[in-house]
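Enquirer: Have a look at the structure that comes next, please.
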Amino acid sequence: MELTIGAKLIIETLNKSGYEAYAVGGFVRDNLLDIESFDVDITTSATPDKILEIFKDFKVYKTGLKHGTVTINAENENIEVTTFRVDGEYFDNRHPDTVNFVSDLKTDLERRDFTVNAMAFDGENLVDLFGGKEDIKNKIIRAVGDPYKRFSEDALRILRALRFASQLDFEIEKNTANAMREKASLLKSVSIERIFSELSKILVGKGAERVLLSHREVIFEVIPELKLCNGFSQNTKYHAYDVYEHIVHSVGKSYSDKTVRWALLLHDIEKPSCYSVDKFGVGHFYGHQQKSAKKSIEILKRLKADNKLIKDVNDLVFLHDIKTEVERGEIKKMINAYGVELLEKLALVKIADGLAHAEEYTEFRKMLAEKFINTVREIINNGECYSLKQLKVNGNDLKKLGYQGAEIKEKLQEILTEVIFDRLENDRELILKRL
């Protein structure tokens, strides 16, 4: 394990002044996982006033002085240096009411969330008091000490456990998982913004599918609408899973893209409210696309997602079941309406959705989605006309021919439709002659 140049300088400087200092947290964990990391946090026995005195010739930012944190610029690296500390009582299941500085590393490390994050490295020696290295070897997320206490102190740690399990593709240790389930209601004390951030990281992780299946009670706490999908039978030969399992398997089979995975998580969320049974006893979900799209807006707005994600997810959910085996002109209209980027994502959604169906139907659905996106790419690569700005005439040309006001836009749309469906060549003279 190799420290960054800046971290090495800070630790050596503190050591020369008679203080202990260590790199801690994610930097140590990632290095043991052979993941390149440059984001170093340092913990030290020096108090904040001593840190400021020792580094008086450095550029220093008093970023969190009352919590013992100072940011030091060393070798063009901004590195947070925090005094060994112990937290007081947590008054809101998120923040300690007091922070007390201590002189020993053990006390500082035992307040941390998970064993994989509770190791320290001084440039030569690894300090591992809670078995973090062994848990990394065995791919386990385990709370430091009593998991019930850890999650009562800070409920966000519940979602952080899921995030680490998803990103690293680790299992969550049994007692830690039990405590997460029992303390899940405490997530109400966590800010919506933090919940959305953690959920997004969980979704794009390589272990997302297993996490969403194994810890569904926690997921239902933050997106309660999904609970109605859990165990809801689809009652049709096309599906091998209940609604929630289908949703989760589709997430797991998709490309790791934030927009795609949010769309898949929400694409069938209103199926239970749209369920009906025909005279043959077969289940149907008429209109679930529209209702799920509307519900996706409601959920993502509640989670304070950004407007682009809300719009893109809404469009993808609305379109996820649309037939793509249509004539080329209809596909051009879709490119005009939604753009190439969204249709690329739609293909990824449709492929993943199809792969989460009953096995005998997966390849056919995948083939249709791939054929669709290949046609989209062909249209773009061939320079085929699908939008008004590609037409060889414009509004000024129509004005010269005597068209006025709204009539101009209507006529341009008529001409575009003719060109899109190959009933008229996109040639200026031919279009003007038609007009």
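Enquirer: Average the reciprocal distances over every distinct pair of alpha-carbons in the range 1-147, invert the result, and give the Kirkwood radius in Å.
Expert: 15.6 Å
Enquirer: Further question on the same structure: Debye calculation, C-alpha points only, no solvent: report log10 I(q)/I(0) for the range 171-234 at q = 0.17, 0.20, 0.26 Å⁻¹, in the same order as the q values.
Expert: Taking Cα atoms of the range 171-234 as identical point scatterers yields -0.65, -0.90, -1.36.
Enquirer: Straight-line reach from Lys433: which aspartates and glutamates have a Cα under 19 Å away, not including same-chain ones fewer than 8 places off?
Expert: The reachable aspartates and glutamates, counting only those whose Cα sits under 19 Å from Lys433, are Asp397, Glu407, Glu410, Glu414, Glu418, Asp422, Glu425.
Enquirer: Using a 1.4 angstrom probe on heavy atoms only, work out the carbon and sulfur share of the accessible area of the range 315-435 in %.
Expert: Reported share for carbon and sulfur atoms: 47 percent.
Enquirer: Using R₀ = 45 Å, calculate the FRET efficiency as 1/(1 + (r/R₀)^6) where r is the Cβ-Cβ separation of Ser17 and Leu213; round to 0.05.
Expert: 0.30
Enquirer: What's the long-distance tail for the range 244-289, i.e. % of Cα pairs beyond 14 Å?
Expert: Percent of Cα pairs beyond 14 Å in the range 244-289: 55.
Enquirer: Using a 1.4 Å probe, how large is the accessible area of Arg163, given in Å² and rounded to the nearest 10?
Expert: 30 Å²
Enquirer: Note down the magnitude of the dipole of the range 250-293 about its Cα centre, charges +1 on Lys and Arg C-beta and -1 on Asp and Glu C-beta and zero elsewhere, to the nearest 20 debye.
Expert: 80 debye
Enquirer: Count the lysine pairs in the range 1-111 whose Cα atoms sit under 18 Å apart, keeping only pairs 8 or more residues apart in sequence or on different chains.
Expert: For the range 1-111, the number of qualifying lysine pairs is 8.
Enquirer: I'd like the per residue volume of the convex hull spanned by the Cα atoms of the range 282-435, given in cubic angstrom.
Expert: About 153 Å³ per residue, rounded to a whole number.
Enquirer: How big is the dipole moment of the range 291-435 about its Cα centre under a simple scheme where the beta carbon of each Lys and Arg is +1, that of each Asp and Glu is -1, and everything else is neutral? Debye, nearest 20, please.
Expert: 700 debye
Enquirer: Accessible area per residue of the chain at 1.4 Å probe, in Å²?
Expert: 49 Å²
Enquirer: First compute the accessible area of the range 150-243 with a 1.4 Å probe, then give the percent of it belonging to carbon and sulfur atoms.
Expert: Using a 1.4 Å probe with all protein chains present, the range 150-243 comes out at 47 percent carbon and sulfur.
Enquirer: Another one. So what are the ³J(HN,Hα) numbers for the range 198-204, from phi and the Karplus equation (6.51, -1.76, 1.60; θ = phi - 60°), rounded to whole Hz, Gly and Pro as x?
Expert: Per residue, the Karplus-derived 3J(HN,Hα) values read 5, 4, 5, 5, 4, 4, 8 Hz.
Enquirer: Also: In the chain, with Lys and Arg counted as +1 and Asp and Glu as -1 at Cβ, which of these residues, Val190, Ile54, Ala356, has the Cα nearest the positive end of the dipole, that is, farthest along it?
Expert: Final value for the positive-end residue is Ala356.
Enquirer: Can I ask one more? Using modelled backbone amide H atoms (1.01 Å from N, in-plane), which distant-in-sequence or interchain residues come within less than 5 Å of His239's amide H?
Expert: Ala358
Enquirer: Calculate for the chain the 222 nm mean residue ellipticity that helices alone would give, adding -39,500 (n - 2.57) per DSSP H run of length 4 or more and normalising by residue count, nearest 500 deg cm²/dmol.
Expert: -15000 deg cm²/dmol
Enquirer: Right, another one. What is the Rg over Rh value, at two decimals, for the range 85-196, using alpha-carbon atoms and the Kirkwood definition of Rh?
Expert: Dividing the radius of gyration by the Kirkwood radius yields 0.97.
Enquirer: Could you give the C-alpha radius of gyration of the range 348-435 expressed as a fraction of 2.2 N^0.38 Å, taking N as the number of residues it contains?
Expert: Taking N as the residue count of the range 348-435, the ratio is 1.58.
Enquirer: Next question. Cut-off 20 Å, label point 7 angstrom out along Cα-to-Cβ of Ser387: give me the residues of the range 400-429 whose amide nitrogen falls inside.
Expert: 409-422, 426-428
Enquirer: Okay, next question. Report, in debye and to the nearest 20, how large the dipole of the chain comes out about its Cα centre when Lys and Arg carry +1 and Asp and Glu carry -1 on their Cβ.
Expert: Charge dipole, the chain, about its Cα centre: 1420 debye, nearest 20.
Enquirer: Would you mind checking Lys350/Lys399; Lys227/Lys332; Lys308/Lys350 for any pair whose Cα atoms are more than 32 angstrom apart?
Expert: Lys350/Lys399; Lys227/Lys332
Enquirer: Another question, then. Looking at the chain as a GNM with Cα springs under 10 Å, which of Asp87, Asp306, Asp39 has the largest mean-square fluctuation?
Expert: Checking each option, the largest mean-square fluctuation is seen for Asp306.
Enquirer: With r defined as the distance between the Cβ atoms of Lys139 and Glu330 and R0 fixed at 60 Å, what FRET efficiency is calculated, to the nearest 0.05?
Expert: Calculated value: 0.80.
Enquirer: Can you give me the solvent accessible area of Leu412 with a 1.4 Å probe, rounded to the nearest 10 Å²?
Expert: 20 Å²
Enquirer: Right, another one. Students often get this wrong, so try it: which of (1) 178; (2) 205; (3) 157 is volume of the Cα convex hull per residue in Å³ as calculated from the structure shown?
Expert: (2)
Enquirer: Kirkwood Rh, Cα Rg: Rg to Rh for the range 102-152?
Expert: Dividing the radius of gyration by the Kirkwood radius yields 0.98.
Enquirer: Quickly rank 313-322, 361-370, 143-152 as a protection proxy: mean count of other C-beta atoms within 10 Å, highest first.
Expert: In descending order of packing, they fall as 313-322, 143-152, 361-370.
Enquirer: Just how far, in whole angstrom, is the range 292-337 from the range 205-278 if you go by their alpha carbon centroids?
Expert: About 17 Å separates the Cα centre of the range 205-278 from the one of the range 292-337.
Enquirer: Sticking with this one: For the chain, modelled as a GNM with alpha-carbon contacts under 10 angstrom, which of Ile141, Ile72, Ile158 fluctuates the most?
Expert: Most flexible of the set in this elastic network: Ile72.
Enquirer: What FRET efficiency, computed as 1/(1 + (r/R0)^6) with R0 = 51 Å and r the Cβ-Cβ distance, is obtained for Tyr238 and Asn76, rounded to the nearest 0.05?
Expert: 0.35
Enquirer: Using +1 at the Cβ of each Lys and Arg and -1 at the Cβ of each Asp and Glu in the range 110-222, identify which of Gly132, Ala177, Leu199 lies farthest towards the dipole's positive end.
Expert: Leu199
Enquirer: With springs only between Cα atoms under 10 Å, which of Gly354, Gly207, Gly395 fluctuates most in a Gaussian network model of the chain?
Expert: The residue that fluctuates most here is Gly395.
Enquirer: Rounding to the nearest 10 and keeping the result within 0 to 90°, find how far the Cα-based axis of helix 340-355 lies from the longest principal axis of the chain.
Expert: 80 degrees
Enquirer: With each label point set 7 Å from Cα along the Cα-Cβ vector, what nm distance links Tyr255 and Cys274?
Expert: In this crude spin-label approximation the distance works out to 2.5 nm.
The values are calculated or read from the model by the stated rules, or taken from the named source; none is laboratory data. None of the values given here were measured: they were computed from a predicted structure. Reconstructed Cβ throughout: ideal geometry from the backbone, glycine too, with neighbour counts over all protein chains shown. Note: accessible area is taken over every heavy atom of the protein model, side chains too, but ligands, DNA and RNA are not part of it. Shrake-Rupley method; radii C 1.70, N 1.55, O 1.52, S 1.80 Å.
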